[in-house]
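For reference, the structure is listed below as structure tokens.
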Amino acid sequence: MAARYKRVLLKLSGEALMGDRGYGLDPKVVDRMALEVKSVVDMGVQVCCVIGGGNIFRGISGAATGMERATADYMGMLATVMNALAVQNALEKAGVQTRVQSAIPMASVCEPYIRRRAARHMEKGRVVIFAAGTGNPFFTTDTAAALRASEMGCDALLKATGVDGVYSADPKKVKDAVRYDRLTYLQVLSQDLQVMDASAISLARENKIPILVFSIHTDGEFAEVMAGRGKFTIIT
Ligand code: UDP
């Protein structure tokens, strides 16, 4: 299968890793995500990932009630590091070489984020997993995904979600929600469509990085989308 893109960033939310559990990680799901990534690496695509932390952080957010926002956000960023290590482990088990780079330096756990070094890893066929979001409180991992995709000169930002694209409303709650094949960044912003937060959309728009939204629940879909098939919404 020939890929349409040379270098892509995959944004996986923390929730995508927890399967049916209420919080935390489901090892089977993490392994499946690793195979999804591997199949795209095997197509010759350079892949980097940004992983969210919602699965761990929202599990402990009760404990963060009343806490200063910035402190809670740092806890959220640490959660993304745990997820990054889990995904790294699963990818290496599947035979894919990886590096984790954290926006918050953690010398004995992973590499610090160094843009040129990350690019070099990808040129060598390694999957780089960016952890700790942007390293700043008051941001999200969606924004981190748009930021890293811009810095790494990615041809596309792949947003893995629970459904097969962008809808006018949550299709799990609203029966007649309309699904879009194609949208512009401005449509997403002006209609306040729930894809990624506005700063992530704006950053992708400024740097002309198409966003492809697809379902992570369909086996082999990441590779299908890379080949221009599969079901996805493209935002340009
Ligand atoms: N976070 C942050 N700065 C960042 C990225 C993340 O402060 O650049 C914190 C924030 O508290 C967020 C949490 O980390 O709620 C987990 O990230 P996110 O909610 O984006 O994860 P996802 O919903 O994708 O699992």
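Rounded if a/c is under 1.5, else prolate if a/b beats b/c, else oblate: with a ≥ b ≥ c from the C-alpha gyration tensor eigenvalues square-rooted, which is the stretch 57-118?
oblate
For the chain, modelled as a GNM with alpha-carbon contacts under 10 angstrom, which of Glu206, Glu15, Glu224 fluctuates the most?
Greatest mean-square fluctuation among the candidates belongs to Glu206.
For the stretch 29-136, which GluC sites (Glu not before Pro) are in a loop by DSSP, counting at most 10 other Cβ atoms within 10 Å?
Glu68
Using the Cα centre as the reference, give the magnitude of the dipole from point charges on the C-beta atoms of the stretch 83-146 (Lys, Arg: +1; Asp, Glu: -1; all else neutral), rounded to the nearest 20 debye.
In debye, rounded to 20, the stretch 83-146 gives about 280.
Restricting to Cα pairs below 8 Å that are 6+ residues apart, what does the relative contact order work out to for the chain? Please round to a whole percent.
Averaging sequence separation for qualifying contacts and normalising by length gives 23 percent for the chain.
Quick one: order Met33, Met152 by neighbouring beta-carbon count within 10 Å, fewest to most.
Arranged by neighbour count, lowest to highest, Met33, Met152 become Met152, Met33.
Of all DSSP beta bridges in the chain, what percent run antiparallel (nearest 5)?
20
Using the structure shown, list the pairs from Lys93/Lys172; Lys38/Lys172; Lys208/Lys231; Lys28/Lys173; Lys11/Lys93 with a Cα-Cα distance above 32 Å, or answer none.
Exceeds cut-off: Lys93/Lys172.
Would you mind ranking Val8, Val100 so that the residue whose beta carbon has the fewest other beta carbons within 10 Å leads the list?
Exposure proxy ranking, most exposed first: Val100, Val8.
Extension gain Ala169-Arg116, at 0.36 nm per residue separation less the Cα-Cα distance, in nm?
15.1 nm
State the answer as a single residue: which of Met67, Ser102, Phe138 lies farthest towards the positive end of the charge dipole of the stretch 28-152, with beta carbon charges of +1 for Lys and Arg and -1 for Asp and Glu, about the Cα centre.
Value: Ser102.
When a footprinting reagent is the concern and you count Cβ atoms within 10 Å, what order do His217, His121 take, fewest first?
Fewest-to-most ranking of His217, His121: His217, His121.
Using a simple charge model, +1 on the beta-carbon of Lys and Arg, -1 on the beta-carbon of Asp and Glu, nothing else, what dipole does the stretch 120-236 show about its Cα centre, in debye to the nearest 20?
It works out to roughly 120 debye.
Can you compute the charge dipole magnitude of the stretch 99-179 about its Cα centre, using +1 on each Lys and Arg Cβ and -1 on each Asp and Glu Cβ, nothing else charged? Give it in debye, rounded to the nearest 20.
Result for the stretch 99-179 is approximately 220 debye, rounded to the nearest 20.
What is the stretch 95-216 by shape, rounded, prolate or oblate, if you read a ≥ b ≥ c off the alpha carbon gyration tensor as root eigenvalues and call it rounded for a/c under 1.5, prolate for a/b larger than b/c, and oblate otherwise?
It is prolate, given that a/c is not under 1.5 and a/b is the larger ratio.
Run the numbers on the stretch 154-226 and let me know its relative contact order in percent, using alpha-carbon pairs under 8 Å that are six or more apart.
This gives 46 percent for the stretch 154-226.
Straight-line reach from Lys124: which aspartates and glutamates have a Cα under 18 Å away, not including same-chain ones fewer than 8 places off?
The reachable aspartates and glutamates, counting only those whose Cα sits under 18 Å from Lys124, are Asp42, Glu92, Glu111, Glu151, Asp155.
At 37 °C and 0.692 mPa s, what whole-number value in µm²/s does Stokes-Einstein give for the translational diffusion of the stretch 1-77, with Rh from the Kirkwood sum over Cα pairs?
Approximately 232 µm²/s, per Stokes-Einstein.
Label the chain by shape, choosing from rounded, prolate and oblate, from the square roots a ≥ b ≥ c of the eigenvalues of the Cα gyration tensor; if a/c is under 1.5 it is rounded, and otherwise prolate applies when a/b is larger than b/c, oblate when it is not.
Rounded shape, in that the Cα axes give a/c under 1.5.
Whole angstrom only: what separates the Cα centroid of the stretch 1-45 from the Cα centroid of the stretch 74-91?
Between the Cα centre of the stretch 1-45 and that of the stretch 74-91, the gap is 14 Å.
Of the listed peptides 52-58, 197-203, what is their order by residue-averaged count of other C-beta atoms within 10 Å, with the highest listed first?
52-58, 197-203
Values quoted throughout were computed directly from the atomic coordinates according to the rules given, and no laboratory measurement underlies them. Since the structure is predicted, the reported quantities are computational estimates derived from the model, not experimental observations. Using ideal geometry, Cβ is built from the backbone for each residue, glycine included, and neighbour counts are taken over all protein chains shown.
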